[in-house]
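Before any comments, here is the structure.
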């Protein structure tokens, strides 16, 4: 709530209604380095003899990495983060579980266009390898009706932008509502960006609906279209 003063009004307030949240945590250095090294060894084994990614190509693993022993450390951190989010939202004692967990490897020039994660309550991403030019994620205004009128603004702020850029680094863990659309700009570094995405749903809902709606076979190395250019959004650290 923001209070303003004006002699014409006895009281004046700005009420923030229906906020959209992104929960951001930084893992302790010793913990995330151990997790990152284990993940990279597992991904090297998964990729096996696959050819190196070409510029603009991406590779995604299957959806079940949370069942791998090598990912147990990360899964523990994800579950702890999700529990904090559920507590913040006052969800109650409803049991939850990871319904999908997969790795993303983006070669230089590769991007991920705007999307969301249907049929889940929470989604998130953990950053294993980031570099200058490959250390951001974009979150897009979920209120589609605000696009009807876009007047010019004197300064981009959280109140008037349609996109927010969040800066991340190795060991950053993000959790956000699964309906919140997000995208990743083209990798402008000379190295492969590596992250791990995941979905979380209430256990009583997970029988059929919450599995990822894409196939890992279809996500093998391929070029992805670049996001549409727009005004530079504010960057949050």
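The values are calculated or read from the model by the stated rules, or taken from the named source; none is laboratory data. It should be emphasised that the depicted structure is a prediction, and the values quoted were computed from it without experimental measurement. All Cβ positions, even for glycine, are placed from backbone atoms using ideal geometry, and neighbour counts span all protein chains on display.
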Legend entry - Considering residues of region 117-165 that are part of a loop (DSSP other than H, G, I, E, B) and under 20 Å from residue 193 (Cβ atoms) only, the residue nearest to the chain's Cα centre (by Cα): 117
Inset, instruction - Return only the number of the condition from (1) modelled with pLDDT of 95 or more; (2) under 21 Å from residue 21 (Cβ atoms); (3) surrounded by 15 or more Cβ atoms within 10 Å (Cβ to Cβ) that residue 163 does not satisfy. - result: (1)
Legend entry - Selection count, region 13-35, where residues are touching a helix residue (DSSP H, G or I) at 6+ places or on another chain (Cβ under 9 Å) and closer than 30 Å to residue 140 by Cβ: 7
Legend entry - Members of region 166-180 that are part of a loop (DSSP other than H, G, I, E, B), buried (at least 20 other Cβ atoms within 10 Å of the Cβ) and under 11 Å from the mean Cα position of the chain (by Cα): 168
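Taking the conditions exactly as written (in contact with a strand residue (DSSP E or B) (Cβ under 6 Å, 6 or more places away or on another chain) and over 19 Å from residue 130 (Cβ atoms)), does residue 56 satisfy them or not? Don't jump to the end; show me each part of the working.
Working: in contact with a strand residue (DSSP E or B) (Cβ under 6 Å, 6 or more places away or on another chain): yes; over 19 Å from residue 130 (Cβ atoms): no.
Considered against the rule, which asks whether it is in contact with a strand residue (DSSP E or B) (Cβ under 6 Å, 6 or more places away or on another chain) and over 19 Å from residue 130 (Cβ atoms), residue 56 comes out as no.
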Inset, instruction - All but one of (1) surrounded by fewer than 20 Cβ atoms within 10 Å (Cβ to Cβ); (2) over 10 Å from the mean Cα position of the chain (by Cα) hold for residue 112, so report the exception by its number. - result: (1)
Legend entry - Selection within region 32-61 - crowded, with 16+ Cβ neighbours inside 10 Å and either part of a loop (DSSP other than H, G, I, E, B) or on the phi > 0 side of the Ramachandran plot (or both): 53, 56, 61
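Within region 181-227, can you find the residues that are part of a helix (DSSP H, G or I), modelled with pLDDT of 70 or more and touching a strand residue (DSSP E or B) at 6+ places or on another chain (Cβ under 6 Å)? Can you show your working first?
First, the residues of region 181-227 that are part of a helix (DSSP H, G or I): 203-205, 217-219.
Keeping just the survivors that are modelled with pLDDT of 70 or more gives 203-205.
If the condition is that a residue be part of a helix (DSSP H, G or I), modelled with pLDDT of 70 or more and touching a strand residue (DSSP E or B) at 6+ places or on another chain (Cβ under 6 Å), then 203 is the only one that fits.
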Inset, instruction - Might you check whether a residue that is surrounded by fewer than 18 Cβ atoms within 10 Å (Cβ to Cβ) and either under 14 Å from the mean Cα position of the chain (by Cα) or in a loop (DSSP other than H, G, I, E, B) (or both) occurs anywhere in region 95-103? - result: yes
Legend entry - Test: residue 134 is under 26 Å from residue 86 (Cα atoms) and touching a residue at least 12 places away in the same chain (Cβ under 8 Å): no
Legend entry - Single unsatisfied condition, residue 77 versus (1) more than 24 Å from residue 112 (Cα to Cα); (2) outside any helix (DSSP H, G or I); (3) touching a strand residue (DSSP E or B) at 6+ places or on another chain (Cβ under 8 Å): (2)
Legend entry - Lone unmet requirement of (1) assigned to a loop (DSSP other than H, G, I, E, B); (2) in contact (Cβ under 8 Å) with a residue 60 or more places away in the chain for residue 19: (2)
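Going by the structure shown, is residue 116 within 22 Å of residue 179 (Cβ to Cβ) and touching a residue at least 12 places away in the same chain (Cβ under 8 Å)?
For residue 116, the condition - within 22 Å of residue 179 (Cβ to Cβ) and touching a residue at least 12 places away in the same chain (Cβ under 8 Å) - is met.
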Legend entry - Per-region count, region 22-50, residues farther than 17 Å from residue 196 by Cα and modelled with pLDDT of 95 or more: 3
